[in-house]
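The values are calculated or read from the model by the stated rules, or taken from the named source; none is laboratory data. Model, not experiment: these values are computed from the prediction. Positions of Cβ are generated from backbone atoms using ideal geometry, with glycine treated the same way; all protein chains shown enter the neighbour counts. Only protein heavy atoms, including side chains, enter the accessible area calculation; ligands, DNA and RNA are left aside. Shrake-Rupley method; radii C 1.70, N 1.55, O 1.52, S 1.80 Å.
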Protein chains: 2
Amino acid sequence: MSKTKHSKDLTKRRAQPKEVRKEQLIRATMKCIAANGLSGVTMARVTTEAGLSLGIANLHFESKERLLLETLEYVTNEYSREQLAIFNSNSYTSLAAKIEALLEFDFSSAVTDKDKMAVWFAFLGEAKSRPTYQRICSRQDSVSEAEMTALFQAAIDEGGYSGADAALIAAGYISLVDGLWLNTLVAPRRLPRKKARLAARHYLASAFPEHIMLGKN
Amino acid sequence: MSKTKHSKDLTKRRAQPKEVRKEQLIRATMKCIAANGLSGVTMARVTTEAGLSLGIANLHFESKERLLLETLEYVTNEYSREQLAIFNSNSYTSLAAKIEALLEFDFSSAVTDKDKMAVWFAFLGEAKSRPTYQRICSRQDSVSEAEMTALFQAAIDEGGYSGADAALIAAGYISLVDGLWLNTLVAPRRLPRKKARLAARHYLASAFPEHIMLGKN
DNA sequence: CATACCTGAATGAACGGTCATTCATTAATT
DNA sequence: AATTAATGAATGACCGTTCATTCAGGTATG
């Protein structure tokens, strides 16, 4: 109960550009979802978390539904953008280096941030019954899967791995990562982040033994 | 608007033993979660789905929270019980057959039923913020992981696979299956059940090449 | 066999609490 | 002074829960 909590000082109320407030509210929403679950999110909690007044969310977002949707988009867009940057980069000296980079990215602390993962899985849990959530969640998945398949195919060609199915390996990798994230989120003691990353590395190493080695890390 | 819908015929009101009504309500709750998401479940919807009156759920379960909890337990217990039966069975003629059986079970139509998976992931999505959900979701996981590790270790010994880590392979398999289920649930077009099962089979085949073959199925 | 009585399952109107949304008012900025 | 941002009390809708009432099936009585 510190007095300066959230600096809810009325004399300091400052008008801020829309974009600043929106991001502030989205971050508060992420925290609320992680702390209370999607069904525990209320406008009062979000605005208190943001240190602002109750009405502010409806001022910048037209409704609670929109706030939630934009929060989901914030998380998914960030991931897609950064992953796509790796796919499109030509600064990696080898296929192996690019695959390694994707692996490190998927288990970086930025991506495995508890709040962000909580948001992601909270929406996925409702996705089956809400077409809008489903659409946002899968918007980039096809692109991502295609990029990954192409990359894996290149590795297969380069390594001369016979009979390997790039599309299937890619689909498996994507699902494996989803599952590892989920288990790390729900039971971090049983599956700490490092063990999760190691499991993913094993998967890639057994698919591309010439490219991904197990010794390092 | 058919007249016989749900046989809501007042002249047919019959007292039923508690257990019958409870199961009826749990099934209705599963349907509601699949159709409306966890946050869209209301007592009115559940009881209408069951073809009963509003007050009935509070009569047999002390509260909505308890109804939801028992629904989650219904799904998790069913899975654990049947999986454990496979682990404990001694009617399989080989380790390979038992591993195959576990794989077939995980992708059987009973387990990959949309309603059941929707229930499972709806609760997992909220699990981080609700200790009770988390406890029920992970109650059997440790047992299951230990059983699987022991089985995989036996396969490693039998096949003479050097340097393989049974615990890591088991953790990876469990997460892979979770991820495949999730993707199958959310985007069945992109990942149909058969493709999901094939991806899981590939994982096992590359870990235990002497035991699991790719040719069949 | 008929009838009265009892038990407890089932019902659904009514209640009260929670929460998203609105908007009159106030404050900051130009 | 005009404009734009922010506030938070008030509103109304929704929903979980309660409980007086209804009714089916069983048991006792004559």
Discussion item. As a test question: what accessible area, to the nearest 10 Å², does A:Asp165 have when a 1.4 Å probe is rolled over all protein chains in place?
Written reply: 70 Å²
Response to the item:
Expected integer from the mean partner chain Cβ neighbour count at 10 Å over B:28-34 is 1
Item to complete: Using a Gaussian network model of chain A whose springs link C-alpha atoms within less than 10 Å, name the residue from A:Glu19, A:Glu70, A:Glu49 with the highest mean-square fluctuation.
Response: A:Glu19
Worksheet entry | B:Ser142 accessible area, 1.4 Å probe, all protein chains in place, Å² to nearest 10 | 70 Å²
Fill in: Dipole in debye (nearest 20) - chain B, about Cα centre, beta carbon charges: Lys, Arg +1; Asp, Glu -1
1500 debye
Response to the item:
Extension length gain for A:Ala110 and A:Gln16 (0.36 nm per residue less Cα distance), in nm, is 31.1 nm
Response to the item:
For segment A:112-217 the GluC sites (Glu not before Pro) that pass both the DSSP coil test and the at-most-15 other-Cβ-within-10 Å test are A:Glu210
Worksheet entry | Cross-link table A:Lys128/B:Lys64; A:Lys195/B:Lys98; A:Lys31/B:Lys22; A:Lys31/B:Lys114; A:Lys18/B:Lys114, entries beyond 32 Å C-alpha to C-alpha | A:Lys31/B:Lys22; A:Lys18/B:Lys114
Item to complete: Give me the accessible area of A:His60, 1.4 Å probe, in Å² rounded to the nearest 10.
Response: 30 Å²
Item to complete: Could you tell me what percent of the accessible area of segment B:87-129 is made up of carbon and sulfur, with a 1.4 Å probe and every protein chain present?
Response: 49 percent
Discussion item. What does the copy distance list look like for A:Phe105, label position 7 Å along Cα→Cβ, in nm and ordered from shortest?
Written reply: 3.8
Worksheet item: Counting only protein chains, not ligands or nucleic acids, how are A:Arg21, B:Arg139 ordered by accessible area (probe 1.4 Å), most first?
Response: B:Arg139, A:Arg21
Discussion item. If a paramagnetic tag sat 7 Å from the Cα of B:Asn90 along the Cα-Cβ line, which residues of segment B:128-161 would have the backbone N under 17 Å from that point?
Written reply: B:151
Worksheet item: Hey, can you list the DSSP H helices of chain B whose Cα span along the axis is 24 Å or longer and whose average Kyte-Doolittle score is at least -1.0?
Response: B:18-36, B:64-88, B:141-159, B:166-186
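Express the accessible area of chain A per residue in Å², computed with a 1.4 Å probe while the remaining protein chains stay in the model.
Result: 49 Å² of accessible area for each residue.
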Worksheet item: What gaps in nm, shortest first, separate B:Arg193 from its twins in the other copies when you place the label 7 Å past Cα toward the beta carbon?
Response: 3.7
Fill in: Over chain A: helical MRE at 222 nm, DSSP H runs n ≥ 4 each giving -39500 (n - 2.57), nearest 500
-21500 deg cm²/dmol
Worksheet item: Which distances, in nm and shortest first, link the A:Phe87 label point to the same label point in every other copy, taking 7 Å along Cα→Cβ?
Response: 3.9
Worksheet item: Excluding A:Arg193 itself, what net charge comes from residues whose Cβ is under 13 Å from its Cβ, given Lys and Arg +1 and Asp and Glu -1?
Response: +4
Practice prompt. Take the Cα of B:Ser80, step 7 Å along the line toward its Cβ, and report every residue of segment A:167-199 whose backbone nitrogen sits under 19 Å from that point.
Written response: A:183-184, A:186-191
Worksheet, complete the sentence: Largest-first ranking of B:Leu191, B:Leu198 by accessible area, probe 1.4 Å, whole protein assembly kept, is B:Leu198, B:Leu191
Response to the item:
Output row A,B: buried area (accessible, probe 1.4 Å, summed both chains) in Å², nearest hundred, equals 3600 Å²
Worksheet entry | B:Ala35-B:Ala154 pseudo-label distance in nm [points 7 Å out on the Cα-to-Cβ vector] | 4.4 nm
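Report the gain in length on full extension from A:Thr42 to A:Met213: 0.36 nm times residue separation, minus Cα-Cα distance, nm rounded to one decimal. Intermediate values should be presented prior to the final figure.
Details: separation 171, 0.36 × 171 = 61.56 nm, distance 4.76 nm.
Working it through step by step, the gained length comes to 56.8 nm.
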